[in-house]
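Heads up, the thing below is written out as structure tokens.
The values are calculated or read from the model by the stated rules, or taken from the named source; none is laboratory data. No experiment lies behind these values; they were computed from the predicted model shown. We place every Cβ from the backbone using ideal geometry, glycine too, and count neighbours over all the protein chains shown. Accessible surface is based on the protein model in full, side chains and every heavy atom, while ligands, DNA and RNA are left aside. Shrake-Rupley method; radii C 1.70, N 1.55, O 1.52, S 1.80 Å.
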Amino acid sequence: MTFSIIGRCPETGQVGIAISSSSIAVGARCPWVRAGVGAVSTQNITLPALGPQILDLLEREQSAPADALERALGANGWSQHRQVTVIDSQGRVALFTGSEALGVHHAVAGEQCAAAGNLLSGRHVIEAMVSAFEQADGQLPERLLAAMHAAMAAGGEAGPVHSAALKVAGELTWPLVDLRVDWADEDPIGQLDALWQAYRPQMQDYVTRALDPTAAPSYGVPGDE
């Protein structure tokens, strides 16, 4: 039903997630990022609260990822139905897959990354994601997307994929990248990649607009001079 990759860029310190699902609007429930703290993907029978709770533990109590994950799961119950991956600002990871995870499932930690999925066409899908992320060049969003394409090439989910999301945190309090395809009958990962290609050349301009409106470029829209 879902597969995802979380990762960190050691050069920029950015953390991020790319994720897809057969369900609608996976980006509304599963990926969580926080600048200078880390990233969490909460999936399978999703409990969205796990994302911010784990990030709070990483930030406020300086918990290690494994400790934060264990505490959050223990506080909420029904952990046997959850699948969660965590990466912190140092690139340390923690993984959990409950005994009631759906279908073929797997989770793998790599170098500054981790991938996990359920209802997969095979466990090798997750291994392909980690390998693709580790070998990919470019910015963090591009490396995350490379892992998603590798997953699909390896067989992806057991059924059709309908939604996808990409979320990256940098130095700002809001996500640097937050792109979603909430429903597509075909190729939501390809559509997400196309969104990134359109957003990438404008990304810094939107940061400039937020931090220094007087330096913001004009986009030629009504009222914009």
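Return the FRET efficiency for the residue pair ASN76, THR12: r is the Cβ-Cβ distance, R0 is 41 Å, and the value is rounded to the nearest 0.05.
On the way: r = 32 Å, r/R0 = 0.79.
Computed FRET efficiency for ASN76 and THR12 comes out at 0.80.
Surface composition of the range 2-211: carbon and sulfur make up 50 percent of the accessible area, probe 1.4 Å. With Cα atoms defining each centre, the range 1-22 and the range 106-171 are spaced 7 Å apart in the structure. Note on ASP187/GLU142: beta-carbon distance plugged into 1/(1 + (r/R0)^6) with R0 of 22 Å gives a FRET efficiency of 0.80.
Pairs of Cα atoms under 8 Å, at least six residues apart: use those to get the relative contact order of the range 54-165, whole percent.
17 percent
Peptides 79-85, 146-152 ranked from most to least packed, by the mean per-residue count of other Cβ atoms within 10 Å: 146-152, 79-85. Peptides 35-47, 90-102, ordered by how many other C-beta atoms sit within 10 Å of their residues on average, highest first, read 35-47, 90-102. Quick one: net charge of ALA94's neighbours, Cβ under 9 Å, K/R +1, D/E -1? Net local charge, ALA94 excluded: -2.
Tell me the relative contact order for the chain as a rounded percent, counting alpha carbon contacts under 8 Å between residues six or more apart. 23 percent. If Lys and Arg each add +1 and Asp and Glu each add -1, what is the summed charge of the other residues whose beta carbon sits under 12 Å from the beta carbon of ALA194? In short, -1. The modelled label-to-label distance for the pair THR173/ALA198, using points 7 Å beyond Cα in the direction of Cβ, is 3.0 nm.
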